[in-house]
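Quick notes on the structure that follows.
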Amino acid sequence: LFYHNSYDCVFDLGQEISGYWDRYCYYQTDGGDIDLFFMNGPTVADCVREYTWLTGTTILPTKQSLGYCASTMYYCELEKDCDKEILAVIDKHEKEDINIDNFWLASGYSSGEEDNLRYVFNWNKKRFPNPADFFAKMNGRGINVMVNLKPGILKRHPYIKEFEENDVFIKNANGQGAYFGRWWGGVGRFFDFTNPRARAVWAKHLKENVLLLGSKSVWNDNCEMDGIEDRNAQCDFEGAKGTMAELKILHSNLMAYLAKQTLAQVYPGERPHIINRAGFAGIQRYAQVWGGDNLTDWRTLKFNIATIVGMGISGCANMGCDIGGFAGPAPEGELMLRWIQNGIFQPRFCMNSANNDNTVTQPWMYQEHTDAVRAAFKLRYRLLPYLYSLMYEASVSGIPALRPLFMEFPEDEKTYSDTSLTFMFGKSLLVANVVEKGARERTLYLPAGCTWYDINDKMKAYQGGQTISVPVTLETISLFLRGSALVAESPDVQKILRDKVRHLDLLVAAESDCTFTLYDDDGHSTDYQKGVYARTDISVKAGDQTVISFARSGSYRTALESVALRLVSKKKGAFWVSVAGRKLDRYLVQEGFDQAESGWYYNLSDRTIQVKYPLPKEKDYRVVISTEKFDLIGMNED
């Protein structure tokens, strides 16, 4: 049920107890119409498709936005030369061999030089003497900078006269003056994004003081407008006049939509990258979202999994929560490591903090764990081809990358009550990260209906429909491959703007037929909307001859040169392998296979058939792996 209503509301899902009635559900709202949409599914995935067909699917993100993003409020709170300190932080990431592609510039950049209060669009020249030069240096290092923007305005704001002359603020209940409410550092007034004059002024300063300096992203913070407590405060509402009771949350969407329009003016042809802390239904059409100011605590690590998965099946596939926690003391070493190991699967991969013990949360903060942290980051970047393909799927169908077990296994009733905090990463990988302090084993439920292979234990096979326990160490990231699945990886990308995928690794399980769509494009422009993309529809036909078909479409020319494929084959090795109708040489010694440009080898350690080959010239081709002694006669693309 989708109630298309922007007033504050309550959903009671059968939790109220009455002395006269059995448990019942109800929906209650402060105003508006009952504008109700019923989506009948019948599955959860069908409901998500129907809901996002109605409200919009997640916008295809830029590739760079899927890379790691560093931030802490303290980076922008030094007395002077924050720009130099931030560049030193980038140096440290590179020295530690820890991937980084983005940087959140917290609101300290906008603080007054005398009072340290926040004034959106203002630049503190002690901290950032030359913002344009800072952006140029960061962009030159391949780092995208996102600047914090807040809609609240304090009385001493440098542009207050211009704001007042253009009547940009939400008014009090009688409409005779600006509404004054609580804000960062004192009493504040608030931009009215339902007012075209206010939007024009906001867009002007967004251009002049952020985008034209060199930023290509917009970060809308505190956009839930909670500083306005009077729900009768008046908004322009395109001249029709309305109240905050009805329009409060719509300001968040309008703020993101205005950012999209402004980015298109400054960077025509570029894909918008917008981040919002709040939003109404449909916010996924414009912005990535995050879970706000979470607490540094083991419980938060667990709850954030449910938050992200829940947001995914609510239409917002591009979601994440601050890794390590935002508020509270610095996370202890084990908690920090486990948070990173879980965070690498979030579409928004960001470490952001304002620790109350005056510490800074950073990937290398516990040197004893840095090797494991580095390995987790490397896994994130290896999986970028898979994740980008999943985000493409979300942009087309609404189905998120992080999925509850019951979305993929609706017939297994146990998945609906599973509390093991596992989730599916796409339809191929089950993630069972460690979220308990001091854990030496991980207990999880494996959904029924297929075999599961433990990627960390030489592809050890487990039958679905059972609860298992596996040993874990501090380095463990528990991953299980579905019995019929395909995962795409690449070792090539360390810096997203710099590196291209030239080699692709495919991990395949063929218990039954399955499919996967591998997607690529330039990662930043809107040219994909004109057909400039590379889409490869991969279908796996299971049997004694496993046939993996590749059908390529789109006009984008990738840098891909070679493919390596691993097929899980527990019972026996292959007799022969062909690619595009051409038989490959077999190698009996691993070293010979490793040195060859093409060929195949059966690895008895994990019982996978390993195949590698240069990318065929044919647009469509097949890889055939025969585990029966069929003759290779007439093998061609027909």
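The values are calculated or read from the model by the stated rules, or taken from the named source; none is laboratory data. The shown structure was predicted, so the numbers you read here are calculated from the model rather than taken from an experiment. Don't worry about glycine lacking a Cβ; one is built from the backbone with ideal geometry, like all the others, and counts go over all protein chains shown. Accessible surface is based on the protein model in full, side chains and every heavy atom, while ligands, DNA and RNA are left aside. Shrake-Rupley method; radii C 1.70, N 1.55, O 1.52, S 1.80 Å.
Which one of these is assigned to a helix (DSSP H, G or I) and under 14 Å from residue 425 (Cα atoms): 394, 376, 317?
Only one candidate qualifies: 394.
What is the residue count in the stretch 73-85 for residues that are buried (at least 22 other Cβ atoms within 10 Å of the Cβ) and not in a helix (DSSP H, G or I)?
0
Taking the condition within 30 Å of residue 99 (Cα to Cα), charged (D, E, K, R), surrounded by fewer than 17 Cβ atoms within 10 Å (Cβ to Cβ) and without any contact (Cβ under 8 Å) to a residue 60 or more places away in the chain, does residue 527 pass? Let's see the steps before the verdict.
Values: within 30 Å of residue 99 (Cα to Cα): yes; charged (D, E, K, R): yes; surrounded by fewer than 17 Cβ atoms within 10 Å (Cβ to Cβ): yes; without any contact (Cβ under 8 Å) to a residue 60 or more places away in the chain: no.
No: the conditions fail for residue 527.
If I ask for residues that are under 21 Å from residue 245 (Cα atoms), assigned to a strand (DSSP E or B) and open to solvent by 80 Å² or more (accessible area, probe 1.4 Å), which ones from the stretch 1-32 would you list?
To start, the set of residues in the stretch 1-32 that are under 21 Å from residue 245 (Cα atoms) comprises 2-12, 26-32.
Now drop any that are not assigned to a strand (DSSP E or B), which leaves 2-3, 9-12, 26-29.
11, 28 - these are the residues of the stretch 1-32 that are under 21 Å from residue 245 (Cα atoms), assigned to a strand (DSSP E or B) and open to solvent by 80 Å² or more (accessible area, probe 1.4 Å).
Restricting attention to the stretch 567-586, which residues are crowded, with 20+ Cβ neighbours inside 10 Å and in contact (Cβ under 8 Å) with a residue 60 or more places away in the chain?
568
Could you tell me whether any residue of the stretch 204-222 is part of a strand (DSSP E or B), over 27 Å from residue 268 (Cα atoms) and open to solvent by less than 20 Å² (accessible area, probe 1.4 Å)?
Residues of the stretch 204-222 that are part of a strand (DSSP E or B), as a first pass: 217-220.
Of the ones still in play, those that are also over 27 Å from residue 268 (Cα atoms) are none.
Among the residues of the stretch 204-222, not one is part of a strand (DSSP E or B), over 27 Å from residue 268 (Cα atoms) and open to solvent by less than 20 Å² (accessible area, probe 1.4 Å), which makes the answer no.
Looking for something open to solvent by 10 Å² or more (accessible area, probe 1.4 Å), assigned to a helix (DSSP H, G or I), modelled with pLDDT under 95 and not charged (D, E, K, R) - is there at least one such residue anywhere in the stretch 45-57?
Looking for residues that are open to solvent by 10 Å² or more (accessible area, probe 1.4 Å), assigned to a helix (DSSP H, G or I), modelled with pLDDT under 95 and not charged (D, E, K, R), one finds none in the stretch 45-57, hence no.
Could you grab me the full set of residues in the stretch 140-151 that are over 16 Å from residue 109 (Cβ atoms) and in contact (Cβ under 8 Å) with a residue 12 or more places away in the chain?
141, 142, 151
Quick check on my filter: what residues within the stretch 106-139 are within 22 Å of residue 69 (Cα to Cα), over 27 Å from the mean Cα position of the chain (by Cα) and open to solvent by 30 Å² or more (accessible area, probe 1.4 Å)?
132, 133
Mind checking whether some residue in the stretch 517-524 is closer than 30 Å to residue 416 by Cα, open to solvent by less than 50 Å² (accessible area, probe 1.4 Å) and modelled with pLDDT of 95 or more?
At the first step, the residues of the stretch 517-524 found to be closer than 30 Å to residue 416 by Cα are 517-518.
Narrowing further to those that are open to solvent by less than 50 Å² (accessible area, probe 1.4 Å): 517-518.
Then keep just the ones that are modelled with pLDDT of 95 or more; that gives 517-518.
Yes, because at least one residue in the stretch 517-524 is closer than 30 Å to residue 416 by Cα, open to solvent by less than 50 Å² (accessible area, probe 1.4 Å) and modelled with pLDDT of 95 or more.
Considering each of 178, 256 in turn, give the residue that is open to solvent by less than 10 Å² (accessible area, probe 1.4 Å) and either without any contact (Cβ under 8 Å) to a residue 24 or more places away in the chain or more than 30 Å from residue 114 (Cα to Cα) (or both).
256
Only one residue in 513, 505, 520 is more than 19 Å from residue 481 (Cβ to Cβ) and of a type in the set (Asp, Glu). Which one?
It is 520.
Condition first: in a helix (DSSP H, G or I), of a type in the set (S, T, N, Q) and under 17 Å from the mean Cα position of the chain (by Cα). Now tell me which residues in the stretch 275-312 satisfy that.
284, 304, 307, listed by residue number.
If you take the residues in the stretch 153-175 that are in a loop (DSSP other than H, G, I, E, B) and of a type in the set (Val, Ile, Thr), which one is surrounded by the most Cβ atoms within 10 Å (Cβ to Cβ)?
170
Sort out which residues of the stretch 605-628 are more than 36 Å from the chain's Cα centre (by Cα) and open to solvent by 20 Å² or more (accessible area, probe 1.4 Å), and write them in order of number.
Within the stretch 605-628, just 628 meets the criteria.
Please enumerate the residues belonging to the stretch 341-368 that are open to solvent by less than 30 Å² (accessible area, probe 1.4 Å) and part of a helix (DSSP H, G or I).
Answer for the stretch 341-368, where residues must be open to solvent by less than 30 Å² (accessible area, probe 1.4 Å) and part of a helix (DSSP H, G or I): 341, 342, 343.
Within the stretch 223-253, how many residues are assigned to a loop (DSSP other than H, G, I, E, B), within 29 Å of the chain's Cα centre (by Cα) and surrounded by 22 or more Cβ atoms within 10 Å (Cβ to Cβ)?
Initially, the stretch 223-253 is screened for residues assigned to a loop (DSSP other than H, G, I, E, B), giving 223-233, 236-241, 248-249.
The next check asks that each one be within 29 Å of the chain's Cα centre (by Cα); those that pass are 223-227, 248-249.
Subset that is surrounded by 22 or more Cβ atoms within 10 Å (Cβ to Cβ): 223, 225, 248.
Number satisfying all stated conditions: 3.
Looking at (1) open to solvent by less than 50 Å² (accessible area, probe 1.4 Å); (2) assigned to a helix (DSSP H, G or I); (3) under 23 Å from residue 374 (Cβ atoms); (4) of a type outside the set (Asp, Glu), which is the one condition that is false for residue 142?
(2)
In this structure, is residue 150 under 26 Å from the mean Cα position of the chain (by Cα) and surrounded by 18 or more Cβ atoms within 10 Å (Cβ to Cβ)?
Yes.
Go through the stretch 385-431 and report how many residues are open to solvent by 10 Å² or more (accessible area, probe 1.4 Å), polar (S, T, N, Q) and touching a Lys or Arg at 6+ places or on another chain (Cβ under 6 Å).
The total comes to 1.
Limited to the stretch 281-302, what total is found for residues that are open to solvent by 30 Å² or more (accessible area, probe 1.4 Å), more than 25 Å from residue 57 (Cα to Cα) and not aliphatic (A, V, I, L, M)?
Residues that pass the stated criteria total 5.
Return the pairs, sorted by first residue and then second, in which the second residue is open to solvent by 40 Å² or more (accessible area, probe 1.4 Å) and not in a loop (DSSP other than H, G, I, E, B), the first residue lies in the stretch 535-557 and is small (Gly, Ala, Ser), the beta carbons are less than 6 Å apart, and the residues are 6+ apart or on different chains.
Filtered contacts from the stretch 535-557: 539/515; 549/539; 549/622; 551/537; 551/620; 553/535; 554/535.
Could you check residue 269 against (1) in contact with a strand residue (DSSP E or B) (Cβ under 8 Å, 6 or more places away or on another chain); (2) within 26 Å of residue 421 (Cα to Cα); (3) open to solvent by 20 Å² or more (accessible area, probe 1.4 Å) and say which number it fails?
(2)
If residue 444 satisfies all but one of (1) closer than 20 Å to residue 302 by Cα; (2) open to solvent by less than 10 Å² (accessible area, probe 1.4 Å); (3) in contact (Cβ under 8 Å) with a residue 40 or more places away in the chain, what's the number of the condition it fails?
(3)
State whether the residues of the stretch 326-337 include one that is in contact with a Gly (Cβ under 9 Å, 6 or more places away or on another chain), part of a loop (DSSP other than H, G, I, E, B) and surrounded by 24 or more Cβ atoms within 10 Å (Cβ to Cβ).
Scanning the stretch 326-337, I find at least one residue that is in contact with a Gly (Cβ under 9 Å, 6 or more places away or on another chain), part of a loop (DSSP other than H, G, I, E, B) and surrounded by 24 or more Cβ atoms within 10 Å (Cβ to Cβ), so the answer is yes.
Would a scan of the stretch 184-203 turn up a residue that is open to solvent by 10 Å² or more (accessible area, probe 1.4 Å), modelled with pLDDT under 95 and aromatic (Phe, Trp, Tyr)?
Yes, the stretch 184-203 contains at least one residue that is open to solvent by 10 Å² or more (accessible area, probe 1.4 Å), modelled with pLDDT under 95 and aromatic (Phe, Trp, Tyr).
Quick one: in the stretch 33-44, of everything that is open to solvent by 40 Å² or more (accessible area, probe 1.4 Å) and part of a loop (DSSP other than H, G, I, E, B), which residue is nearest to residue 404 (Cα to Cα)?
So in the stretch 33-44, the residues open to solvent by 40 Å² or more (accessible area, probe 1.4 Å) come out as 33-38, 40, 42-44.
Now drop any that are not part of a loop (DSSP other than H, G, I, E, B), which leaves 33-35, 38, 40, 42-43.
Numbers: 33: 32, 34: 30, 35: 28, 38: 22, 40: 19, 42: 16, 43: 13 Å.
Among them, the one singled out is 43.
If the Cβ limit is 7 Å and pairs must be 6+ apart or interchain, which residue in the stretch 38-65 that is more than 30 Å from residue 351 (Cβ to Cβ) pairs with which residue that is assigned to a helix (DSSP H, G or I) and modelled with pLDDT of 95 or more?
Listed pairs, sorted by first residue: 39/47; 39/50; 39/51; 41/47; 44/406; 44/407; 45/407; 49/397.
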